[in-house]
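**Student:** One structure is given below, represented as C-alpha cells, and several questions about it will come after.
What follows is calculated from the coordinates using simple rules that are stated; it is not laboratory data. Fair warning: this is a prediction, and the values are worked out from it, not measured in the lab. With ideal geometry, Cβ positions are generated from the backbone for all residues, glycine too; neighbour counts draw on all protein chains shown.
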C-alpha cells in the first residue's frame, strides 16, 4: 500500500514538473511594428527551420492555439499572435480592414525575421492569410485555412440574405448581447460542449464593440472577392474544415488555380483547435508533412 502511494506521488510530481517545463517554454512577448503604430502581443515556443504562424479568428485571441503551440513546438518554431484590437494587441488606427491586418502580419514576419513561414488562419484570418500572400513576402511558403472558404459559388436564398442583413443592425446597436447570439446561431455543432460555447461567447461579448463590428463588416465585404483572390493565389490552398456547415468543393475547384486540399474534422463546430484538438493536430500534421 505504501509503495502504491509513493508511486502515485512520484508520477504526480513528474507529471506536474513536465507540464511546468512545457509551460515555461511558451513565452509571451510583444513587439511594436509599422512605425510603432501597432503593438502585437504573441506567444512563441519551439525551434525549427520552419515557422508556423497561427492567426486567430474574429473576436477571439491567441490562447485558442495553446494546444497547437505545445504539440508542434517539438519540430517547428511556433508563434501565435493577437490581432490588433483583440486579446492584448493594440493599434493607433481607425481602420479594421482585412488589408490592414494583412499588413500587420507581413510587418510582424519581417520585424522578427521569420523564415519559411506557414500561415495558419482561422475563420476571418483565412482572408487575412490570403491578403498577406498577395504582398509576395518571400518568407511565406504555405497557407492553411481553418474552417473557411466553405461557401464559394454558393447562392443564398432571399430569406437567408434577409436574415443576415437584419442581424447586422442588432450587432451594431447591442454588440455585447448580439455577438454571442451570432455564435449560437452560426458557429456550433450539436456536440459542442457547454464549456466551449461559454468560452467563445464570453470572448465575443467582451471584445471591443466598435472593432468587433467594423472588422466583421469589412470581413464580409472582403469575402465577396474571395473567388478572385483565390484565383490570384500563388500557393495551393490547404483547408482543415468542420462539418457543422458543409464545404462547397465545387467552388474550390473553380477558383483554386494552384490546387486545394480539404481535411475534414467531423462533429465539430467552428473551433476545431479547442473542440477536437487531437484530431485537429493530426490533420494539420498531415498537411504540413505533405507540404515538405
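**Student:** Mind pulling the angle between the C-alpha long axis of helix 277-291 and the longest principal axis of the chain? Nearest 10 degrees, somewhere in 0 to 90.
**Tutor:** In the chain, helix 277-291 runs at an angle near 70 degrees to the longest axis.
**Student:** Here's another thing I want to ask about it. As an exercise, take the mean of 1/r over every pair of distinct alpha carbons in the stretch 209-272, invert it, and state the Kirkwood radius in angstroms. Don't jump to the answer; show the numbers that get you there.
**Tutor:** On the way: mean 1/r = 0.0746 Å⁻¹.
Hydrodynamic radius (Kirkwood, Cα pairs) of the stretch 209-272 is 13.4 Å.
**Student:** Hey, what angle do you get for helix 194-205 against the long axis of the chain, alpha-carbon based, 0 to 90 degrees rounded to 10?
**Tutor:** 50
**Student:** Restricting things to Cα coordinates, could you compute the convex hull volume per residue of the stretch 30-291 in Å³? Could the numbers behind the result be given before it?
**Tutor:** Numbers: hull volume 30.2 nm³, N = 262.
It comes to 115 Å³ per residue, whole-number rounded.
**Student:** Using only Cα atoms and rounding to the nearest 10 degrees, what angle (0 to 90) does helix 2-25 make with the longest principal axis of the chain?
**Tutor:** In the chain, helix 2-25 runs at an angle near 40 degrees to the longest axis.
**Student:** Another question, then. How long are the three semi-axes of the equivalent ellipsoid of the stretch 107-191, in whole Å, if each is the root of 5 times an eigenvalue of the C-alpha gyration tensor, listed from largest down? Walk me through the numbers on the way to the answer.
**Tutor:** Working: eigenvalues 213, 50, 34 Å².
Working through the eigenvalues yields semi-axes of 33, 16, 13 Å.
**Student:** Something else about it: So for 195, 275, fewest C-beta neighbours within 10 Å to most, what's the order?
**Tutor:** Values: 195 9, 275 23.
Taking fewest neighbouring Cβ atoms as first place, the list is 195, 275.
**Student:** Order by neighbour count: 127, 47, fewest other Cβ atoms within 10 Å first, most last.
**Tutor:** Numbers: 127 25, 47 13.
With the fewest neighbours first, 127, 47 line up as 47, 127.
**Student:** Would you please state the base-10 log of I(q)/I(0) at q = 0.17, 0.25 1/Å for the stretch 27-100, with intensities from the Debye formula using one equal scatterer on every alpha carbon?
**Tutor:** Values, matching the q order: -0.63, -1.11.
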